[in-house]
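Beneath this line is the structure, given in structure tokens, with notes to follow.
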Amino acid sequence: MANLIDFLQHQNLVWHGTGNAPLSQRLVEKQSSGYDALDACLEGGFPMPGIVDIQCQLGMGEVALLIPFIRAQTRLCVMINPPANVNAHALKHQNIATELIWVLSISEPNNALWAAEQCLKSGVCSSVLLWHQALQVHQVKRLMLSAQTGQSLCCLLRENRVQVGSLPVSLSMQLSPRSEGLNIKVTKLKGGWAKPQITLAWSLLWPQLITHSESERSGQVLPFASTARR
């Protein structure tokens with residue numbers, strides 16, 4: 001039995017809590033997400049290198065969540081098969097160097113995975129955003145090895161679906177919209193336990209839109225009779 005447990009641990013198939021985890025699992029380099037509340041929840045930020053699994057209804061703010069992290073990087077960010085056209089003007093408005101953003105549209109799923117591996121291990125990419133639904137354990141392991149080789153971060157963005165078994169990712173989050181903001185549930189964290197849910201206010205994710213909307217609401221509206229007398 002001891003030999004079996006040792007074998008499973010060597011293959012990274014046994015999950016440890018923070019207190020019982022080997023030192024190699026606890027000493028994970030973190031990069032700030034750009035949000036203080038999320039960094040506190042993730043014990044420092046996104047794992048680098050690593051794989052972040054983001055499950056959500058696509059188009060509800062998952063890219064906005066990653067904008068501060070992307071903006072802070074000095075290497076390429078490659079987006080593979082985004083579900084909509086990437087707006088370069090919007091990225092420029094977010095103070096992101098658009099020359100560091102590459103977009104790949106690849107129809108064949110296996111070719112998309114191959115491209116993600118090459119980008120991750122190339123050393124010229126800080127992050128790869130991969131929209132991909134059907135992922136298997138061996139595929140995620142290859143992505144992890146590539147990320148470790150290139151010291152990069154792979155973000156898997158996929159719809160909320162029931163996954164058979166657990167994928168060997170560094171971090172897994174489920175996103176859902178609320179009236180007050182974006183709800184984030186951390187379901188898996190390397191070297192740690194699942195965390196309580198947190199909510200990031202929409203004003204943090206979309207400061208320009210929220211500020212503009214609030215300024216409009218705060219404007220004084222005069223009745224027609226008052227304006228006519230003027």
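The values are calculated or read from the model by the stated rules, or taken from the named source; none is laboratory data. Here the structure is a predicted model, which means the values were calculated and not measured. We place every Cβ from the backbone using ideal geometry, glycine too, and count neighbours over all the protein chains shown. All accessible areas refer to the heavy atoms of the entire protein, side chains included, with ligands and DNA or RNA removed. Shrake-Rupley method; radii C 1.70, N 1.55, O 1.52, S 1.80 Å.
Take every Cα-Cα pair in the stretch 29-203 and report what % of them are more than 28 Å apart. When every Cα pair of the stretch 29-203 is considered, 15 percent fall beyond 28 Å. Ligands, DNA and RNA excluded, the heavy atoms of E29 present near 100 Å² of accessible surface to a 1.4 Å solvent probe.
Phi-derived couplings, Karplus 6.51 cos²θ - 1.76 cosθ + 1.60 at θ = phi - 60°, listed residue by residue for the stretch 61-75: x, 5, 6, 4, 5, 8, 4, x, 5, 4, 4, 7, 8, 10, 10 Hz, with x used for Gly and Pro. In percent, rounded to a whole number, the relative contact order of the stretch 29-203 is 27, using alpha-carbon pairs under 8 Å and six or more apart.
The residues of the stretch 29-203 expose, per residue, 46 Å² of accessible area to a 1.4 Å probe.
Please figure out what share of the DSSP beta bridges in the stretch 99-195 is antiparallel and state it in percent, rounded to the nearest 5. Mind dumping the intermediate values first?
Details: 8 of 13 bridges.
In the stretch 99-195, DSSP labels about 60 percent of beta bridges as antiparallel.
Rounded to the nearest 5, what is the percent of antiparallel bridges among the DSSP beta bridges in the stretch 29-203? About 35 percent, rounded to the nearest 5. Computed 3J(HN,Hα) for the stretch 182-189, one whole-Hz value per residue from the Karplus formula 6.51 cos²θ - 1.76 cosθ + 1.60 where θ = phi - 60°, is 8, 7, 10, 10, 8, 9, 7, 9, glycine and proline marked x. Using the Cβ of L143 as centre and a radius below 14 Å, the other residues enclosed give a net charge of +2, where K and R count +1 and D and E count -1.
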